[in-house]
Each structure stands twice: as C-alpha cells, then as structure tokens.
Amino acid sequence: MKNTALTHIHEGLGAKMLPFAGYNMPITYEGVNAEHETVRNGVGVFDVSHMGEFLLTGPNALALIQKVTSNDASTLTIGRAQYSCLPNNEGGIVDDLIVYKMKEEQYLLVVNASNIEKDWNWISSHNDLGVEMKNLSDDYSLLAIQGPKAVEAMQTLTSVDLSAIAYYHFEVGDFAGIEHVIISATGYTGSGGFEIYCKNEEVEQVWKKVFEAGAAFDIKPIGLAARDTLRLEMGFCLYGNDINDTTSPLEAGLGWITKFTKEFTNSEALKKQKEAGVTRKLVGFEMQERAVPRHDYEIVDASGIVIGVVTSGTMSPTLGKGIGLGYVTVSNSAIDSDIFIRIRKNDVPAKVVKLPFYKK
C-alpha cells in the first residue's frame, strides 16, 4: 500500500483512511454531506496525489498522443489542457485522461491512479516514434482546491491571476512560496477552483500555506467520498464504474472527445459504430421514491425485463434524492423515460434526466 506525501497529515486530522487504487487515501474527515456542502458553497482541499503523470517530449510527442488518444490534441496551444481517452482495440477504453501542452514538443498526461502501469505500458507499446517518456507519478503531488471561494481564498499565495485561468487552461508560476508549480483549472466537482501540481518534497509547505490562507474562508480538507458525490452530481464519468475496457466512448456519451478528423487506435471501428448507431447509452436518472441506487444494480422496464445496469449511484447531498448513471438500451434512453431500479427484489421507479443533475 502506497502513501502520499501527506498521509501522516490526514491521519493526524483524524481522517478515515482506506485503500484506494493501491494508495492509503483519506475517504472522509467530518462526513460526506458536510464535506460536499463545503465544496459546493465554500472551499475545500483534496489530496489527489495518487493520480499519475507522464511527461512526453520530442518532435514526435504530438504524433504519439494523436495515435493513442481519441481527441484532437493538435488544437492545443501552450497553457491549454484537453480531456481525452485512450481507446483499446476492442471498442472499449483503456483509460480517460487529461493532456496538457506544456511547451512546444512537450506534453503532460494525467491518468487515473488505478491505471498508471496499464496506461504506461499501453502508450509505450505504441511508441515507435522515439518519443522520450518519463513517468513522474511517484515524484509529484496533486492538490485540488475546489469551490466557489477557492480563487479569492488562494489569491494571496501567488502572483498569477487565478481568476484569469479559464476552464481547461493552466499556468506555470509561483504558489505558496514554491516556484514553477502547475496551476490548472480542470476541476472534477463542478464548483470551480483549481489544481496544484508540485514535487512531493514541496507539498507539505503548500498544504500548510493553503490552510493558513484559507482559514478566513473556513477552508476544510475533503475526502474521496465527497469527491465521488460531487462528480456524480455533475454527471462526470469515473473510470472503473461508468467507463472501462468494454464501454465504447460513443456509448458513454463521449462522442465529443472522439474526433474522426484523424486516425487513432481503433478509429475505423468506432467510426462504423457511430454510423450504425449504438445499441446502449449511458444516461443519468433520478429516483422517484426515496431509495439509493448502487453500482451493478439491474435496470428494468415496466414489464420487469432487464434493460441495463447502474454504473454509479448515490443519495445526492444537494438534491436530497437518489441519483445515478447507468447503461440502458437506446429505446429507453430518451429524457423523461420511465425506468426502474431493482433494489433487493423491488423495482423502484426512476426517470431518465438531462445531465448534469446539479444546476448552479
């Protein structure tokens, strides 16, 4: 079990620690609902240092990224980031990731913690272009400072104008007394804020200064459980739940990051799938009675016939009702379609809704 550079701090704060993606991670501090509320209305800090970072450098770095990712990275300029995925050869997804253009001929790929080795091996196996690849995952830490008060609370820590960093853009600058950190705005919560990438030996100083600067704004540490409820209210996919090696990006509603203006892994098959139309789709749904949908619960129609499966579900802290994502047959995927979630032999009514669940 790996620790992050801040594990001792989380334990000292009394966090409930559990294994996650091979790391000992803080799941909750004061409770999911309270932490969720902090991020929606104030400012909270996640230690997400378990995420993976690969640096790709050289004249063919873009060509390699274009080959292995579904989105068109040629549109990136320095200081911009892009959400993308790594398609496999069978129509599924190796992982979803964020591509940052650091410099000309240099890109940073940020991948899911559970897939670091798998992604590294996958990209390496396609690197017949002489691209220099460095796995920085064990050397770097990542803090996500999220919430509507994040910019105001943190502005004293940097000379970079935080309010000027647009969504899916980043700056390399000073922060909390450390030079050359990456300050990015690619949040996974839907409540604004930004992320700080720094070296492991720097992160404790950053953490302390963040909490000093944020004290007047009632800043709090937030665990991964609230991260999950926040991302689910936004309808964001989680790898391993809503997307995996068997789900196509088109089925998952990720057609917007699947660009057929270039060739990439399995692009021909995915293009044919787009032309033919998918047979199932990932949808958002709200429970019509008080009940909590869970991962792997069956989704059925009014006749009790199984039409799909729940991939993510929770009791929404903001909406006060059960919400979820799941794959259903296309004929049952339209907004306002009535579906049922099979919970302990009871078929509980639900309705397909437009994402995101959380409207600001």
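The values are calculated or read from the model by the stated rules, or taken from the named source; none is laboratory data. All values derive from a computational prediction rather than experimental measurement. Glycine also receives a Cβ, built like all others from the backbone with ideal geometry; neighbour counts cover every protein chain displayed.
Within region 261-294, restricting attention to residues that are assigned to a loop (DSSP other than H, G, I, E, B) and in contact with a strand residue (DSSP E or B) (Cβ under 6 Å, 6 or more places away or on another chain), the residue that is surrounded by the fewest Cβ atoms within 10 Å (Cβ to Cβ) is Glu289.
Provide a single number: the residues in region 6-18 that are touching a residue at least 40 places away in the same chain (Cβ under 8 Å) and surrounded by fewer than 19 Cβ atoms within 10 Å (Cβ to Cβ). So the count comes out to 3. Within region 304-338, being out of contact with any Ser or Thr (no Cβ under 9 Å at 6 or more places or on another chain) and farther than 17 Å from Asn33 by Cα holds for Gly304, Ile305, Val306, Val309, Val310, Ser312, Asn332, Ser333, Ala334, Ile335, Asp336, Asp338. The test for being under 13 Å from Met102 (Cβ atoms) and in contact (Cβ under 8 Å) with a residue 24 or more places away in the chain does not hold for Glu201.
Just need a number here: residues in region 19-58 that are surrounded by 20 or more Cβ atoms within 10 Å (Cβ to Cβ) and farther than 23 Å from Tyr239 by Cβ. Qualifying residue count for the region: 4. Filtering region 170-197 to residues that are within 15 Å of the chain's Cα centre (by Cα) and part of a loop (DSSP other than H, G, I, E, B) leaves Ala185, Thr186, Gly187, Tyr188, Thr189, Gly190, Ser191, Gly192.
Here Tyr83 fulfils each of the conditions (1) touching a Ser or Thr at 6+ places or on another chain (Cβ under 8 Å); (2) among the hydroxyl-bearing types (Ser, Thr, Tyr); (3) in a loop (DSSP other than H, G, I, E, B) apart from (3). The numbered conditions (1) in a loop (DSSP other than H, G, I, E, B); (2) surrounded by fewer than 18 Cβ atoms within 10 Å (Cβ to Cβ); (3) under 18 Å from the mean Cα position of the chain (by Cα) are all true for Lys118 except (1).
Of the residues making up region 3-31, those that are touching a strand residue (DSSP E or B) at 6+ places or on another chain (Cβ under 9 Å) and part of a helix (DSSP H, G or I) are Thr7, Ile9, His10, Glu11.
Residue-wise test of (1) under 21 Å from the mean Cα position of the chain (by Cα); (2) β-branched (Val, Ile, Thr).
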residue	(1), (2)
Ile257	yes, yes
Thr261	no, yes
Ser267	no, no
Arg280	no, no
Glu286	no, no
Val300	no, yes
Pro317	yes, no
Ile323	yes, yes
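Checking every residue in region 307-329 against the condition of being surrounded by 19 or more Cβ atoms within 10 Å (Cβ to Cβ) and of a type in the set (Lys, Arg) gives zero matches. Flag: Asn112 does not match the condition of being touching a Leu at 6+ places or on another chain (Cβ under 7 Å), at pLDDT 95 or above and farther than 23 Å from Gly173 by Cβ. Among the residues of region 105-153, the ones that are in contact with a strand residue (DSSP E or B) (Cβ under 7 Å, 6 or more places away or on another chain), within 19 Å of His180 (Cα to Cα) and not polar (S, T, N, Q) come to 13 in all.
Kindly indicate whether Glu202 is of a type in the set (D, E, K, R), in the same structural domain as His36 (by TED's automatic domain parsing), assigned to a helix (DSSP H, G or I) and touching a strand residue (DSSP E or B) at 6+ places or on another chain (Cβ under 7 Å).
Taking the combined requirement at face value, the residue satisfies it.
When region 139-162 is filtered for residues that are within 22 Å of the chain's Cα centre (by Cα) and free of Cβ contacts under 8 Å to residues at least 40 places away in the same chain, only Leu162 remains.
Taking region 331-346 as the range and being farther than 12 Å from Ile299 by Cα and either not in a loop (DSSP other than H, G, I, E, B) or not assigned by TED's automatic domain parsing to the domain that holds Ala291 (or both) as the test, only Ser331 passes.
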